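Q: Take a look at this one; I'll ask things after.
The values are calculated or read from the model by the stated rules, or taken from the named source; none is laboratory data. From a predicted model like this one, the values you see are computed outputs, not experimental measurements. Reconstructed Cβ throughout: ideal geometry from the backbone, glycine too, with neighbour counts over all protein chains shown. In case anyone asks, the SASA skips ligands and DNA or RNA and just uses the protein heavy atoms, side chains included. Shrake-Rupley method; radii C 1.70, N 1.55, O 1.52, S 1.80 Å.
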Amino acid sequence: RDYKVTGVQTCALPIFLIDAAKKRYEKNRQPGVIRSAENLFSKITNGTYSHIIKPIDSDDILVEDAQHKRKSVQEMSRGTLEQLYLAMRFGLIDEYESRSEPLPAVLDDVFVNFDDERVETLIEVLNQFGEQRQVIVLTCHQRSLEAYKRIGANQITV
């Protein structure tokens, strides 16, 4: 059979196929750090953002919500950006430790720009994270100190 294809259709099909392949790659072939960070970021944001995406054709990092809407780092609030940064740090630590011995993780006032709900969620994430390694947290904020004490952290005052 011979098919007649117009110029518009000829261009649309390859673009559609390339876009579909790109989306499949971005969904399934993310770097290990991103894959490790993604689960933590979803927990920290209480499921608001379910995916972290490193697009194949740029140096940007995007986050995607449950409705598949994407946001760039420039579009995020300061709190969300810091939550993403923290999840990426944890992802980097997880990825590093997959090939070596665990090292202590040192965090300095990670809750400063988080609302109360996110602080409680992050405390749970930190508690789980601390099961595999030593976590040292520095803070000068009473709210953070009380949150750490609730999960059994040892306070050392200097």
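Q: Would you please name the GluC sites (Glu not before Pro) within the stretch 55-158 that are DSSP coil residues with at most 14 other C-beta atoms within 10 Å of their C-beta?
A: Glu131
Q: Relative contact order, percent, of the chain when contacts are C-alpha pairs under 8 Å separated by at least 6 residues?
A: It comes to 19 percent, rounded to a whole number.
Q: A further question follows. Could you work out what % of the accessible surface of the chain is carbon and sulfur, using a 1.4 angstrom probe and leaving DNA, RNA and ligands out of the count?
A: Answer for the chain is 53 percent, counting heavy atoms of protein chains only.
Q: Can you give the accessible area per residue of the chain, in Å², using a 1.4 Å probe?
A: 68 Å²
Q: State the antiparallel share, in %, of DSSP beta bridges confined to the stretch 38-158, rounding to the nearest 5.
A: Among the beta bridges of the stretch 38-158, antiparallel pairing accounts for roughly 65 percent.
Q: Give me the count of lysine pairs in the chain whose alpha carbons sit under 13 angstrom apart, restricted to pairs 8 or more positions apart or on different chains.
A: 4
Q: Can you give the angle from 0 to 90° between the axis of helix 78-97 and the longest principal axis of the chain, with both taken from C-alpha atoms, to the nearest 10?
A: 90 degrees
Q: State whether the stretch 109-158 is rounded, prolate or oblate according to the following rule on the C-alpha gyration tensor (a ≥ b ≥ c being the square roots of its eigenvalues): a/c under 1.5 gives rounded; otherwise a/b larger than b/c gives prolate, and the remaining case gives oblate.
A: oblate
Q: With the cut-off at 23 Å, report for the chain the share of all Cα pairs above it, as a whole percent.
A: 48 percent
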